[in-house]
Amino acid sequence: MLVTGNEILQHAHKNRYAAPAFNVVNMEMLQAVIAAAEAEKAPVLVQTTEGALKYAGIKYLSLMIRYAAENAKVPVAFHLDHGTTFETAIQCVRNGWTSVMIDGSHHSLEENIALTKSVTKVAHACGVSVEAELGRLGGVEDNIVVDEKDAMHTNPAEAKQFVAETKVDYLAIAIGTAHGKYNGVPKLDFDRLDTIKKMLDMPIVLHGASGVAEDDIKKAISLGVNKINIDTDLRVAFTDAVKDVFAKTPDEFDLRKICGPGRDAVKEVVAAKMRLFGASNKA
Ligand code: TD4
Ligand code: ZN
Ligand code: CA
């Protein structure tokens, strides 16, 4: 069934687990996520970036994902990941998304507050939940030194002010993760997470979670992370399976025999993440 992001994240916040959020760009990724969620009896967020909207088209994604969510046996929220403008966020609200992220993390605090506020005002009036971000995620190649790290990671006092002024439903924070593949092993700032969770007492979101050690994921959940974004691990699972098809049958040209194994591989990774996040059997 299609639900708002808030319905899933409030349940996760109260029951101290993390709802998984997976990026999809096509039918195979979507079907893999929904099939795994049903098999694991897990609530799930299906999310699309602006890049996905550009690739597939807003109407294609909207109709396909709404159909999948409405017919799923588990709660599914339909989320915009890293929306950068008021216009994109509201276009998604108009086209059936039930949760939108407005990412003003590259702006000044004041500008981030103003942008986020403009989105929460309209989205909340339409019954759509809102995620925002404060602090900056590392780039994958960044070799961040300690003082820079302190400047980039989410400031707890600012987070408190940000949430009070913007009325966002859940907040993405920067504690040392990065999007994409890591060069080394990321070191997470757990004390900061603990402080922010205690000060805010609301659902917290962790981005860039592909490649983070399983024990660190578990620790982050125990300290109050309630939504975890995974993209890279799914891309790798899909493409590894496709590479395997071509390694075994280099002349294959039936798309179903190429993308089908990709879909199966993604389903397995999604199910494993759901178990790791404590989301299995929470639907
Ligand atoms: O928000 N995300 C996913 C980012 C996806 C970027 O997609 P585009 O290429 O369309 O912009 C995450 O936090 C996931 O991070 P991960 O480390 O798992 O990839
Ligand atoms: Zn992200
Ligand atoms: Ca990552």
Subject >> Candidate set from the range 168-184 (those that are closer than 19 Å to LYS273 by Cα and not small (Gly, Ala, Ser)); member that is nearest to ligand 2 (Cβ to nearest atom) >> reply: HIS179
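If you scan the range 213-235, which residues turn out to be within 14 Å of ligand 2 (Cβ to nearest atom) and within 11 Å of the chain's Cα centre (by Cα)?
LYS227, ILE228, ASN229, ILE230, ASP231
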Original post:
If you check THR249, THR166, which single one turns out to be closer than 26 Å to THR48 by Cβ, in contact with a Lys or Arg (Cβ under 9 Å, 6 or more places away or on another chain) and of a type outside the set (A, V, I, L, M, F, W, C)?
Top reply: THR166
**OP:** Go through (1) in a strand (DSSP E or B); (2) under 28 Å from ASN281 (Cβ atoms) and name the single condition GLU133 misses.
**Re:** (2)
Subject >> Of all residues in the range 195-212 being under 20 Å from the mean Cα position of the chain (by Cα) and of a type outside the set (A, V, I, L, M), the one that is farthest from ligand 3 (Cβ to nearest atom) >> reply: ASP201
**OP:** Please work out which one of (1) touching a Gly at 6+ places or on another chain (Cβ under 6 Å); (2) within 16 Å of ligand 3 (Cβ to nearest atom) is the condition ASP81 fails and give its number.
**Re:** (1)
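Considering only residues that are surrounded by fewer than 22 Cβ atoms within 10 Å (Cβ to Cβ) and either without any contact (Cβ under 8 Å) to a residue 12 or more places away in the chain or within 15 Å of ligand 1 (Cβ to nearest atom) (or both), which ones fall in the range 218-233? So that I can check it myself, show each step before the final result.
Pass one, the range 218-233, residues surrounded by fewer than 22 Cβ atoms within 10 Å (Cβ to Cβ): 218-219, 221-224, 232-233.
Listed by number, the residues that qualify are THR232, ASP233.
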Original post:
So which helices (runs of 4 or more DSSP H) are wholly in the range 16-98 and hold at least 1 residues that are over 29 Å from ARG136 (Cβ atoms) and within 16 Å of ligand 1 (Cβ to nearest atom)?
Top reply: 27-40, 58-71
Original post:
Taking only pairs six or more apart or across chains, which ones have beta-carbon atoms under 6 Å, a first residue in the range 103-121 that is of a type in the set (Gly, Ala, Ser), and a second residue that is more than 16 Å from ligand 1 (Cβ to nearest atom)?
Top reply: GLY104/ASN112; GLY104/LEU115; GLY104/THR116; SER118/PHE86
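No lab work stands behind these numbers, since they all come straight from the coordinates. In this text, all values refer to a predicted model and were calculated from it rather than measured experimentally. As a convention, Cβ positions derive from the backbone with ideal geometry for all residues, glycine included, and neighbour counts pool all protein chains shown.
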